[in-house]
Amino acid sequence: MNLTAAGRVPSRPAAPSGSAAERLLRFVEGSHARALACLLTLSLLCMLPGFASLQPMDRDEPRFAQATKQMLETGDFVDIRFQDEARYKKPVGIHWLQAAAVEAGSALGVPDARTAIALYRLPSLLGALAATLLTYWAALAFSGRREAFLAAALTGASVILSVEARLAKTDAVLLACCVAAMGALARVWLGRSRPRQPGRTVAIFWIAVAAGILIKGPMVLLFTGLAALVLSWREKSGRWLGGLRPAVGVATVLAAVLPWFLLIAWRSGGEFYRLAVGDDMLGKVTTGQQKHGAPPGFYLVAFFATFWPGAILAAIAVPFAWRERRDDRVLFLLAWIVPAWLLFEAVPTKLPHYVMPLYPAVAIGVAAAVARGPRPASRTAASASTGRAHGSCATTGGSTSATRRSRARRWALPSTAGSTTPATGPTSRACGFLREMWEAGWAWRLRKISSSHAITF
């Protein structure tokens, strides 16, 4: 620690321009292809260990795999059965994906393909990778490449997604569908002043909704619908949703999902809807099914384990979100997170992966908070006032000017591309250096406590 002669707090030393983090950030921001390649590498490093060697772990994983295996053996890709019993809990989408993966493995010469659990897990791995890349795409609606890369990296490296990528279940694929739909919805919300939304955005939204319904029923509609409802209430109008071209979109979704839902209703005599909707879904709303009951607050506590390592930066995003809650971008993230989170906290049945589709929004908020910096404007102004009191008007004036410029770029991490001046503060080491950013976020608190002495780290 160093003390200045005047007693004021000097600026934080610049990060070495040749540091590994800075070189990575420069490389990443060069193009989307580089960012995506780095994200794929990071995700695979987190998800591949044990992918093929681990035996079926979750209680539901062997049941999903066995039901798919029986589909392949019988050639019946409509009815879902586990041994001699009907398994009417989820729609058929994940079984189709698993069957395609097993058949592809068999065609490529994988020995005993129908009994290799890794092949049944392959759709989950691909869904987790897609969710990571789609988080990057969704974040680009809010910020630049560096922040989008950080948000996607936090999502891809999270504990919960790394676990779900190794399970032959629905949740990783559902996450990809939800992120795609919410990324498209964000673009429609933020561009609602446009006379017409891009066709690609509209197509992505409705394709993601249709795929999500085939994977896990109405869950994708729950996440998108709650966010749309809150935003429409805030806007005092739902006209902005017209940009999604709902007439064409709903017709597309029905054309994609209705055939199987009609067929399974006919094959099961309506039993699928009684069990899947009445017993499985609505049963979880009324009681804690299968000993998975927990009190409200469970997801908040579990968050610090399931979203690790990004959870250690979440505290930075909370004051940022409160200060900027009227910003359209922050408002969208809050509409994405808060209503669904409160709903799941109120439902008696609780499992950690239920709120996983909300974590990409948390990651985007964390990246935005890191880009803005740890100090609110009031603390910055107080620091500037203290500096002037110690006779450092020139330095403080420059610092205040730089702060204003930083606030104007509040959603962009400092870039050093094309400059010989290295970026300073935690943002220049954002990617993979979470510990340094966390410590930097507390620097202003330590300076406030030291009222009689200025402390420099």
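Only the coordinates and a few stated rules stand behind these numbers; no lab work does. Here the structure is a predicted model, which means the values were calculated and not measured. When we count neighbours, we look across all protein chains shown, and the Cβ atoms used for this are built from the backbone with ideal geometry, even at glycine.
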**Candidates per trypsin sites (Lys or Arg not before Pro) in the range 155-223, loop by DSSP, up to 11 other Cβ within 10 Å** = Arg196
**Fill in**
Taking R0 as 45 Å and r as the Cβ-Cβ distance between Glu73 and Arg326, the FRET efficiency 1/(1 + (r/R0)^6), rounded to the nearest 0.05, comes to 0.20
**Asked** In the range 186-225, which residues have a backbone nitrogen under 14 Å from the label point lying 7 Å from Val248's Cα in the Cα-to-Cβ direction?
**Response** 196-207
**Request:** For Ala315 and Ser106, calculate 0.36 nm times their separation in residues minus their Cα-Cα distance, and state this gained length in nm to one decimal.
**Result:** 70.5 nm
**Message:** Students often check this: by mean Cβ neighbours within 10 Å, which of 77-84, 21-28 ranks highest, and how do the rest follow?
**Reply:** 21-28, 77-84
**Item:** Length released on extending from Asp84 to Ala33, taking residue separation times 0.36 nm less the Cα-Cα span
**Value:** 13.5 nm
